[in-house]
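Working notes, structure below.
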Amino acid sequence: MTGGGFGAFVRRAHDAGRLVVQPRMGMSSPRRMRAGLLATRDARATTVGTITLDSYTRVGDLESARLAVLEDVALNGYPIVSHDPATTAGVLDGIHGPGFPVQVRHGSAAPQDIFRALTAVGLDASEGGPVSYCLPYGRVPLRASVAHWAHACELLAARRDSGGEPHLETFGGCVLGQLCPPSLLVAVSVLEALFFHRHGIRSISVSYAQQTHPGQDAEAVAALRRLCAHHLPDAEWHVVVYAYMGLYPETEQGAYRLLGKAAELAVASGSERLIVKTVAESRRIPTVAENVAALEYAAEVAARTPRAPLDATGTQTYAEASALVDAVLELDDDPGTALLTAFAEGRLDVPYCLHPDNAGSSRSYIAADGRLAWADIGRMPLNGIADVRPARAVTAAELLDSLSYVRRSFDGPDPRNTRGVESAHP
Amino acid sequence: MSPFPNASDPGDRPVLVAGGISDSHTWNLVYLQLLLEEHGHRVVNLGPCVPEDLLIAEALAHRPALIVVSSVNGHGYHDGMRTVTRLREQPALAAVPAVIGGKLGIAGPCGAEETAALRAAGYDAVFDDSAEGIAAFRRMLGALPQRALV
């Protein structure tokens, strides 16, 4: 497919041999939001823009968001529903377009107001999903989230009538950010993509968040690509890799080294887009300058990394992900209904997720070689497929140890060397 | 369903753990639950994004030994003020110990002024996410009168 949309931009960049890099970025001030978009556009990298929304808007507390706008209180993102559409049009004026598409990132289990607000100003790219923006992050019942997301997808898909090709990205490759075995991340990402497709979206990206082991990550992205090629034959799709979403390294050197690994994963696996993290990640919301530095560093690493995708199907990760996807899809012809039944029966079960609609009987751990593995598969259909190591209950200190495994690994001395890293980011 | 089916139950008044009103983070809450259980407390974990009304209803139902509000998304100060103000309006909850901690401001830790305001609004203690903040939280747990001896 061709055209001026988000998916088409990423496809063109990939065909030209370039990785698209993107920040997470949202400020409540329209002036600062516009400056952030301009800085992203003008970075020395192939970029798309991001408007990340504030968390009042995300949870649907529009009154708090509106009060913050009236009283000029700084929020942790851009309140797109509460700003006047003319204000947001001013933020985007001369910036958003075929050469620099802008995506709205939000985190909502009920995104209809958000999708109405973004389409009203001419945007048509967003992200999320009925599972990934419900179970790990809030209190909305899964059944309600599935209904909200079905409606929201249809709102967005209607934009096609005015000539665009609306785009949605699954957040399913990230559920809880860390300690979820990659096969489950891949399965949720694929299932959310099928859900989007069922509700009219034809330009889709599937996410995968970097985890604890580069080899396992490469297997996961290969599995994700294979499953999408199989299940989404008539959609335009690409893979977006998220730089590590758990506790981030605290040292500058460690933060850049981890980001570099994410860029290598993205390019080597044949992925088309990367969402970066910055040196500030472990402490606070990053500045625009820190985001630009991360975008440029990731682009430099990407430019010197060859594409070398793995064979998709001969891996543990593929076997588990494929079994999970099949076990869900056989439940119902409708992906939303199938997802609801799957979680109710525990066929999908996110480790450590506190949501009442998650079975909560699966457990994961980081194996001695750094791979994420199952300590308990609960009732997921992975008997005879997953290699399960039953574990005693984890202590708080052990949990913290696992949560900080990546931070610790990357803040320590580089096992190889750091040549190139210091000079790579001015 | 509790994700911690083996947690001990000393049959005491529980500790309520809650994320900030607009805070979607979970790992801080999972960690706090394990830490509190290791100190002998039964935990009712309300998870992320807990509205004031839910926290009040759960607090009235459970009569907790302690309420712990944890926030890391940058709205901790504003959300935390709203929560504790509403909580303290309930006569039955005027004296229940309540604390807040985490990354409470969008620019990192909140300052002395905000900390004082949070205490004035009704929190018995305010912890930042530094090593000292965590040590202070552990000292407070050790000193809680309702600590169960298990």
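Can you go through B:V50, B:V84, B:V68 and tell me which one is in a strand (DSSP E or B) and either surrounded by fewer than 21 Cβ atoms within 10 Å (Cβ to Cβ) or touching a strand residue (DSSP E or B) at 6+ places or on another chain (Cβ under 7 Å) (or both)?
Details: B:V50 fails: in a strand (DSSP E or B); B:V84 fails: in a strand (DSSP E or B).
Result of the check over B:V50, B:V84, B:V68: B:V68.
What do you reckon, is A:V206 buried (at least 23 other Cβ atoms within 10 Å of the Cβ) and touching a Cys at 6+ places or on another chain (Cβ under 7 Å)?
On the way: buried (at least 23 other Cβ atoms within 10 Å of the Cβ): yes; touching a Cys at 6+ places or on another chain (Cβ under 7 Å): yes.
Against the criterion (buried (at least 23 other Cβ atoms within 10 Å of the Cβ) and touching a Cys at 6+ places or on another chain (Cβ under 7 Å)), A:V206 qualifies.
If you take the residues in the stretch B:33-47 that are more than 10 Å from chain A (Cβ to nearest Cβ) and surrounded by fewer than 20 Cβ atoms within 10 Å (Cβ to Cβ), which one is farthest from B:A121 (Cα to Cα)? Walk me through how you get there before you give the answer.
First, the residues of the stretch B:33-47 that are more than 10 Å from chain A (Cβ to nearest Cβ): B:40-44.
Retained after the next criterion (residues that are surrounded by fewer than 20 Cβ atoms within 10 Å (Cβ to Cβ)): B:40, B:44.
Details: B:G40: 29, B:V44: 24 Å.
The qualifying residue farthest from B:A121 (Cα to Cα) is B:G40.
Which of (1) assigned to a helix (DSSP H, G or I); (2) more than 14 Å from chain B (Cβ to nearest Cβ) does A:D234 not meet, given it meets every other one?
(1)
What are the residue pairs meeting all of these: first residue in the stretch A:53-71, first residue more than 8 Å from chain B (Cβ to nearest Cβ), second residue part of a helix (DSSP H, G or I) and acidic (D, E), Cβ atoms under 9 Å, and 6 or more apart or on different chains?
Filtered contacts from the stretch A:53-71: A:T57/A:D113; A:G60/A:D113; A:L62/A:D113.
Just to be sure before I move on: is A:Q316 over 17 Å from A:T212 (Cα atoms), in contact (Cβ under 8 Å) with a residue 60 or more places away in the chain and surrounded by fewer than 24 Cβ atoms within 10 Å (Cβ to Cβ) in the structure I sent? Reasoning before the result, please.
On the way: over 17 Å from A:T212 (Cα atoms): no; in contact (Cβ under 8 Å) with a residue 60 or more places away in the chain: yes; surrounded by fewer than 24 Cβ atoms within 10 Å (Cβ to Cβ): yes.
Against the criterion (over 17 Å from A:T212 (Cα atoms), in contact (Cβ under 8 Å) with a residue 60 or more places away in the chain and surrounded by fewer than 24 Cβ atoms within 10 Å (Cβ to Cβ)), A:Q316 does not qualify.
May I ask you to verify whether B:A95 is without any contact (Cβ under 8 Å) to a residue 12 or more places away in the chain and farther than 12 Å from B:G20 by Cα?
yes
Just one of (1) farther than 30 Å from A:R34 by Cβ; (2) at pLDDT 95 or above trips up A:G314, so point out which.
Checking A:G314 against (1) farther than 30 Å from A:R34 by Cβ; (2) at pLDDT 95 or above, the one that fails is (2).
Does B:A61 qualify as being part of a helix (DSSP H, G or I) and more than 13 Å from chain A (Cβ to nearest Cβ)? Lay out the reasoning, then the answer.
On the way: part of a helix (DSSP H, G or I): yes; more than 13 Å from chain A (Cβ to nearest Cβ): yes.
In short, yes.
Would you please name the residue that is modelled with the highest pLDDT, looking only at residues in the stretch A:379-407 that are of a type in the set (D, E, K, R) and surrounded by fewer than 14 Cβ atoms within 10 Å (Cβ to Cβ)? Please lay out each step first, then the result.
Of the stretch A:379-407, the ones of a type in the set (D, E, K, R) are A:379, A:387, A:389, A:392, A:398, A:401, A:407.
From the residues that got through so far, the ones that are surrounded by fewer than 14 Cβ atoms within 10 Å (Cβ to Cβ) too are A:387, A:389, A:392, A:401.
On the way: A:D387: 89, A:R389: 88, A:R392: 77, A:D401: 93.
Among those residues, the one meeting the criterion is A:D401.
Tell me whether the stretch B:36-47 contains one or more residues that are in contact (Cβ under 8 Å) with a residue 60 or more places away in the chain and within 29 Å of A:S64 (Cα to Cα).
Initial filter on the stretch B:36-47 (in contact (Cβ under 8 Å) with a residue 60 or more places away in the chain): B:36, B:39-42.
Restricting the remaining residues to those that are within 29 Å of A:S64 (Cα to Cα) gives none.
No: the stretch B:36-47 contains no residue that is in contact (Cβ under 8 Å) with a residue 60 or more places away in the chain and within 29 Å of A:S64 (Cα to Cα).
What single numbered condition from (1) over 27 Å from B:G20 (Cβ atoms); (2) not in a helix (DSSP H, G or I) fails to hold for A:G138?
(1)
Would you check if A:A386 is touching a helix residue (DSSP H, G or I) at 6+ places or on another chain (Cβ under 9 Å), touching a residue at least 12 places away in the same chain (Cβ under 8 Å), away from every other protein chain (no Cβ under 12 Å) and assigned to a loop (DSSP other than H, G, I, E, B)?
Details: touching a helix residue (DSSP H, G or I) at 6+ places or on another chain (Cβ under 9 Å): yes; touching a residue at least 12 places away in the same chain (Cβ under 8 Å): yes; away from every other protein chain (no Cβ under 12 Å): yes; assigned to a loop (DSSP other than H, G, I, E, B): yes.
Here the answer is yes, as A:A386 does meet what is asked.
Looking at B:G80, B:G74, which one is within 16 Å of B:G101 (Cβ to Cβ) and over 14 Å from the mean Cα position of the chain (by Cα)?
Values: B:G80 fails: over 14 Å from the mean Cα position of the chain (by Cα).
Exactly one residue qualifies, and that residue is B:G74.
Being within 14 Å of chain B (Cβ to nearest Cβ), touching a strand residue (DSSP E or B) at 6+ places or on another chain (Cβ under 8 Å) and in a loop (DSSP other than H, G, I, E, B) is the filter here, so list the residues in the stretch A:141-177 that pass it.
A:F171, A:G177, listed by residue number.
Of the conditions (1) assigned to a helix (DSSP H, G or I); (2) free of Cβ contacts under 8 Å to residues at least 60 places away in the same chain; (3) of a type in the set (D, E, K, R), A:R284 fails just one. Which one is it?
Answer for A:R284: the failing condition is (1).
One residue is enough: does the stretch A:164-172 have a residue meeting the conditions buried (at least 24 other Cβ atoms within 10 Å of the Cβ), in contact with a His (Cβ under 7 Å, 6 or more places away or on another chain) and over 29 Å from A:E219 (Cβ atoms)?
no
Sort out which residues of the stretch A:279-309 are among the polar types (S, T, N, Q) and within 14 Å of another protein chain (Cβ to nearest Cβ), and write them in order of number.
Step one: of the stretch A:279-309, the residues among the polar types (S, T, N, Q) are A:282, A:287, A:291, A:305.
A:S282, A:T287 - these are the residues of the stretch A:279-309 that are among the polar types (S, T, N, Q) and within 14 Å of another protein chain (Cβ to nearest Cβ).
Quick check on A:S183: is it part of a helix (DSSP H, G or I), surrounded by 24 or more Cβ atoms within 10 Å (Cβ to Cβ) and hydroxyl-bearing (S, T, Y)? So that I can check it myself, show each step before the final result.
Values: part of a helix (DSSP H, G or I): yes; surrounded by 24 or more Cβ atoms within 10 Å (Cβ to Cβ): yes; hydroxyl-bearing (S, T, Y): yes.
Yes.
Could you check the stretch A:217-230 and list, in sequence order, the residues that are in contact with a helix residue (DSSP H, G or I) (Cβ under 6 Å, 6 or more places away or on another chain) and touching a residue at least 60 places away in the same chain (Cβ under 8 Å)? Can you show your working first?
Quick first cut of the stretch A:217-230, residues in contact with a helix residue (DSSP H, G or I) (Cβ under 6 Å, 6 or more places away or on another chain) only: A:217, A:219-220, A:223-224, A:227.
Listed by number, the residues that qualify are A:E219, A:A220, A:A223, A:L224, A:L227.
If you scan the stretch A:61-108, which residues turn out to be touching an Asp or Glu at 6+ places or on another chain (Cβ under 8 Å) and among the small types (G, A, S)?
Selection gives A:A65, A:A68, A:G77.
Considering every residue within the stretch B:109-126, establish whether at least one is out of contact with any Pro (no Cβ under 9 Å at 6 or more places or on another chain), within 12 Å of chain A (Cβ to nearest Cβ) and either farther than 23 Å from B:L144 by Cβ or surrounded by fewer than 21 Cβ atoms within 10 Å (Cβ to Cβ) (or both).
Within the stretch B:109-126 (the criterion being out of contact with any Pro (no Cβ under 9 Å at 6 or more places or on another chain), within 12 Å of chain A (Cβ to nearest Cβ) and either farther than 23 Å from B:L144 by Cβ or surrounded by fewer than 21 Cβ atoms within 10 Å (Cβ to Cβ) (or both)), the answer is yes, since at least one residue qualifies.
With the condition being surrounded by fewer than 22 Cβ atoms within 10 Å (Cβ to Cβ) and out of contact with any Phe, Trp or Tyr (no Cβ under 9 Å at 6 or more places or on another chain), I'd like the helices (runs of 4 or more DSSP H) fully within the stretch A:30-124 carrying at least 1 qualifying residues.
Numbers: elements: A:30-41, A:55-58, A:62-71, A:85-92, A:112-120.
In the stretch A:30-124, the matching helices (runs of 4 or more DSSP H) lie at A:30-41, A:62-71, A:85-92, A:112-120.
For every residue, the table says whether it meets (1) aromatic (F, W, Y); (2) assigned to a helix (DSSP H, G or I); (3) within 28 Å of A:S269 (Cβ to Cβ).
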position	(1), (2), (3)
A:T305	no, no, yes
A:A312	no, no, yes
A:T317	no, yes, yes
A:V328	no, yes, yes
A:G336	no, yes, no
A:A359	no, no, no
A:S364	no, no, yes
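The values are calculated or read from the model by the stated rules, or taken from the named source; none is laboratory data. The structure displayed is predicted, hence computed values, not measured ones. Cβ: placed from backbone, ideal geometry, glycine included. Neighbour counts: every protein chain shown.
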